Amino acid sequence: IIELIAPSSPSQLPMPASITCSSSSEDLAQYAREGNLKELKRAIMQLVQLDNNNEGATDTITTFDVNASVTKSQDTLLHVALSRNQKDIVDYLLTATTQSININATNQQGVTPLMKAVVSCPDSVELLLQHGADPSRRNWKGGRHKTAIDLAASNDMKELLQQYVVDSDSQEAPSDDNCSSTTCCPHCGVVWKNRTRLDYMLDSTKTTTTTNAYLDEFRASPACQMLVSQPELYHALTNKHHLRKEITESWAVLTALKRRESDQQYDAVPIDLDNLFLVDLCSGSGLTVALFGILYPESKGLAVDIMSKEFAAHLQGNVSYLQADIWNADFLSPTSLRNDDVPDAVLVGMHLCGELSIRAIEIFAQTPSFQVIVLCPCCFPKKRPKRKDDENNATTIIDITNNNNSQHADADNGKQEDSSFDFTYGPDEEANYTAWSTHLLGLLSKHCTQYSIQHDTVMLSKRNAMIVGYR
C-alpha cells in the first residue's frame, strides 16, 4: 500500500489499514495512458483517507495498492504507463512512493514492466533495471516465452539488458515451467510444454462416450501421428485453442474434396487429390494445408495469411506458407498462385469473414488454374448501425453496394458483376447465415459449370455451409 504524495513528517499520520482499489481502477488506468500526472496524483490522494483525530480507530481506511491490477488483462499502473510511453508517470511511480513497487509484476500473459518498456518506452529501461527489473524473465504470451532481451530491437538495447542478467543460464528455460517438461523449437525459439493440447485431446477421446466422425478419422490417420511425433514442426498447430473445432473444420474441407473426387454426377473429369495444388486463403496457422500435405505427399499445398510466418506451422517439403494481403492487387500476379509442377489447383476458404468470401470467389474467377473452390463462409459483411427505435424490430440492413470491393470483374468476359447483398437482418442467426451463404452460391454460379451447397453437421460449428464449385 502506498502514499504517493509523501507527508512532510510520517509521524504526523497514523499507519493506514489497506484494501485494494477496484472502483477507480479504470480512471487511474486512463490517467496513466494519457500521461495526466496531475489528475493521477489527485485521484490517488482521494483514495487515501486518513483521520488525524482518531489514530486508534478500527475502521478500515481505504488506500491504493500500486501493485494492483487496473485493467482486465491484469496490467498494473506501471504496465499501462510504459505501454503508452508516459515517462513522467513512470518516473513518478518509481520514485515518489513510500511503499516498495513490484518491479517484476506480471500481467495475464506473463509480461513484465521491463518488457513493456523495451517495446514502447525505451527511455525508461535503464531506470527499471536500476530498480531491480529482471531481463531474464520470460513471458507466456502465445506460448512463446520471450525475455525482454528477445524483444529488444537494437543491439545497444540488448547489450544494456545483458549487463543486468544475473544468471545467463536462466535464459535457457521459461521461469514458470520445469525445464524437463518443456522443449525449445530449433526453428523459431518458441518454448512449449511437452504435453500439448493435442495430447490432452487424444487422451480424452479414449474415455469419452461422445464421438465425432471427423475427430475419429483424424485420430486414426497418419496426419495425427505426424503432428504428435514432430512437434518441432507443428507446435503452432498442436497447441491451438479450440483444437477440436479447427480439426473438424479442416477435415470438412478434405472430405468435401474427396466427395468431389469420387462424385459420379459431374460430367467433368474428377480431380486427383494425389496430384493437386491446394491454396488455403486466410489459413491461420496452416492446419488444413499441413493435414493435406501429410495425407497427399505427391500434391502441393500453400497456406496464405496476412499474419507473420513465425506464428504458423513450420511447413516444408510439399507445403509452404505465404504471408500476403489477399486484398492487394499484386496478390493476383501470374506467379503468386501457380505451381508449374501441379497445374490443377483447388482454392479453399474456411470461415472467411464478411467480404473475404466474395474476395475468394473473385480470386477463383480470375485464376484459370483453379478448377475447384471449397468455401465455408463465416460472419456477414459489416452492417449499418441499428437505430434506437429499431431495438425490438429486425430492420437492420446489410448493404455492401457502396463498398469499393462490391464490383468484381468477370474473368470470362471482362464485365463487372454486381455482388451487392441487401436483406433484412433479423434475430434468427441461422436464417441470416443461410441467406448469406445462398447469396455467395449465386455469385459463384456465374463462374462454375457445377456448384452445390451442403451443411456439414459433423463439423463442430453452426456455420457449416460447404459451398463447392467446379469450373
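What follows is calculated from the coordinates using simple rules that are stated; it is not laboratory data. This structure is a prediction, so every number in the text was calculated from the model and none was measured. For neighbour counting, all protein chains shown are included, and Cβ atoms are generated from backbone atoms with ideal geometry for every residue, glycine included.
The modelled label-to-label distance for the pair K462/L202, using points 7 Å beyond Cα in the direction of Cβ, is 3.3 nm. Checked against a 18 Å cut-off, the cross-linked pairs K72/K116; K193/K309; K116/K158 give Cα-Cα distances beyond that limit for K193/K309. Rounded to the nearest Hz, the phi-derived 3J(HN,Hα) couplings of region 157-165 under the Karplus curve 6.51 cos²θ - 1.76 cosθ + 1.60 (θ = phi - 60°) are 5, 4, 5, 4, 5, 4, 5, 9, 7, where x marks glycine and proline.
Projected label points at K41 and E159, each 7 Å from Cα along the beta carbon direction, are separated by 3.8 nanometres. What separates the Cα centres of region 286-323 and region 453-471 is a distance of 22 Å.
L94 sits among other residues whose Cβ lies under 12 Å from its own Cβ, and their net charge, with Lys and Arg +1 and Asp and Glu -1, is -2.
With a simple spin-label model that places each label point 7 Å from the Cα along the Cα-to-Cβ direction, the separation between N275 and H455 comes to 3.9 nm.
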